[in-house]
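*Asks:* Submitted below is the structure of interest, expressed as structure tokens.
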Amino acid sequence: MSLQQYNAYVDTIYAAATVPDSWKHFLELVSDAFLGARVALHGHDLATGHTLGALSHGYDPDYIAVYEKEYSAINPWTGGYAKGPIGRVQLTEDLIDAASLKKTRFYDEWIRPQGDIGTGVGITICRDSSKRMRLSCNVSFRNGDRLRSEMVQTLTALAPHLRRSFEIGRRLQGRALGMGFEPALDKISSAVFLVDAHMRIRYANRAAETMLSCQDCATSIDKRLVFLDKDANRRFGRSIHAATKPDYSAFEGQIRLRNAGGDTMMEISVVPLVRTVSTSDNVFEWMDDTRASVMVCVQQTGPLPKRRQVKFTNRYGLTPTEALLAEELLRGSTLKLVAQERGVSIHTVRNQLKVIFEKTGTSQQSQLVALLAKG
């Protein structure tokens with residue numbers, strides 16, 4: 001795979017993070033690269049044994065429809081990837097050997113009639129307790145030997161980009177970033193920055209503004225985004241340079257970050273913003289080097305900083321639960337997300353917030369966050 005081909009793949013993957021229709025073009029690129037391979041992005045619920053839907057290229061639409069209705073429940077490959085690692089390419093033969101596969105009804109009725117596409121590779125992009133999102137690439141047995149090695153190499157190289165694109169897409173909840181995209185980003189609990197090639201901040205959502213005001217792990221110097229963790233900041237700078245060149249072979253899209261106190265681990269995801277032209281609106285169409293070049297998401301992965309919760313408890317008389325809610329709001333989370341994560345009703349969280357208002361002498365969430373940030 002040449003650098004030009006690699007960059008084309010990665011451009012399309014990151015375009016899909018904000019313009020989901022770009023996944024269709026990505027699947028087409030992969031299919032064309034491997035002699036018309038059948039390629040699919042598909043979700044599967046292990047608890048129910050049924051598909052969660054699929055986007056495909058090269059398959060007969062009738063076979064996709066009957067797969068979703070009937071054959072997903074008897075797919076013999078499912079058991080093999082159920083416990084597979086995220087981001088690691090698996091051969092179909094690792095999931096079930098060819099001899100056993102050919103004894104199944106799934107092979108006789110679904111695989112063989114489509115040109116005997118019983119071999120290939122796949123990769124789990126993301127998962128939770130029961131659901132898996134996979135990229136699968138299947139070819140005929142007669143083409144398998146000559147294509148398998150190159151397919152493994154290609155998917156291995158693309159794996160981290162696929163994962164980051166899907167994570168950003170999930171946080172955006174399918175919202176395309178066109179004109180007036182700010183409300184979509186403000187609903188994300190993670191801190192999100194849009195920065196240009198010089199690392200200057202062109203947009204920061206509410207959680208990102210809170211992060212900058214606290215100066216706990218990031219700050220703004222001459223409007224440039226700077227992380228206080230020096231090693232993370234160096235890697236961030238290299239990623240910006242690689243993403244705007246572009247030369248994705250030098251791209252570090254996922255970076256570990258510690259806050260100023262060293263008690264909270266975070267993760268920086270850097271996603272290039274690929275300029276595309278839509279018939280309905282212009283998506284990321286800037287004409288000079290001041291345009292936003294990358295999206296930067298900062299998500300907490302380690303424990304919340306206990307020192308700040310203790311401060312809230314001592315200063316305002318908050319209970320540990322109230323202090324935790326205050327901390328989550330300070331990080332940019334919403335009452336709805338807090339309720340979902342705790343498994344309680346939104347009314348319970350709102351009642352806790354009312355008590356926090358009384359104890360801190362505030363009456364609005366924005367006032368509370370401003371007070372805690374100063375504290």
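The values are calculated or read from the model by the stated rules, or taken from the named source; none is laboratory data. Here the structure is a predicted model, which is why all the values come from computation and not from measurement. Glycine gets a Cβ as well: all are built from the backbone with ideal geometry, and neighbour counts include every protein chain shown. Side chains included, ligands, DNA and RNA excluded: accessible areas come from the protein's heavy atoms. Shrake-Rupley method; radii C 1.70, N 1.55, O 1.52, S 1.80 Å.
*Asks:* In region 88-126, which residues are assigned to a strand (DSSP E or B) and surrounded by fewer than 18 Cβ atoms within 10 Å (Cβ to Cβ)?
*Replies:* Leu91, Cys126
*Asks:* Is there any pair linking a residue in region 336-365 that is of a type in the set (S, T, N, Q) to one that is assigned to a loop (DSSP other than H, G, I, E, B), with Cβ under 6 Å and at least six apart or on different chains, and which?
*Replies:* If the second residue must be assigned to a loop (DSSP other than H, G, I, E, B), no pairs are left.
*Asks:* Restricting region 248-285 to residues that are modelled with pLDDT of 75 or more, assigned to a strand (DSSP E or B) and touching a Phe, Trp or Tyr at 6+ places or on another chain (Cβ under 8 Å), which is farthest from Val19 (Cα to Cα)?
*Replies:* Once the filter is applied, the top-ranked residue is Leu257.
*Asks:* Counting residues that are at pLDDT 90 or above and in contact with a strand residue (DSSP E or B) (Cβ under 8 Å, 6 or more places away or on another chain), which helices (runs of 4 or more DSSP H) fully inside region 1-72 reach at least 2?
*Replies:* Correct list: 22-33.
*Asks:* Turning to a different aspect of this structure: Does region 12-29 contain any residue that is among the β-branched types (Val, Ile, Thr), touching a Phe, Trp or Tyr at 6+ places or on another chain (Cβ under 6 Å) and without any contact (Cβ under 8 Å) to a residue 60 or more places away in the chain?
*Replies:* no
*Asks:* Of all residues being in a helix (DSSP H, G or I), under 18 Å from Ala191 (Cα atoms) and open to solvent by 70 Å² or more (accessible area, probe 1.4 Å) in region 312-360, which is modelled with the highest pLDDT? Just the residue, please.
*Replies:* Lys336
*Asks:* List the residue pairs whose Cβ atoms are under 8 Å apart, where the first residue sits in region 199-221 and is farther than 17 Å from Ala232 by Cβ and of a type outside the set (Val, Ile, Thr), the second is open to solvent by 60 Å² or more (accessible area, probe 1.4 Å) and not in a helix (DSSP H, G or I), and the two are 6 or more positions apart or on different chains.
*Replies:* Hits for this filter: Arg200/Asp222; Arg200/Lys223; Arg200/Arg224; Arg202/Arg291; Ala207/Arg331.
*Asks:* I'm trying to understand the selection: among the residues of region 63-87, which are open to solvent by 30 Å² or more (accessible area, probe 1.4 Å) and of a type in the set (A, V, I, L, M)?
*Replies:* Result: Ala65, Val66, Ala73, Ile74, Ile86.
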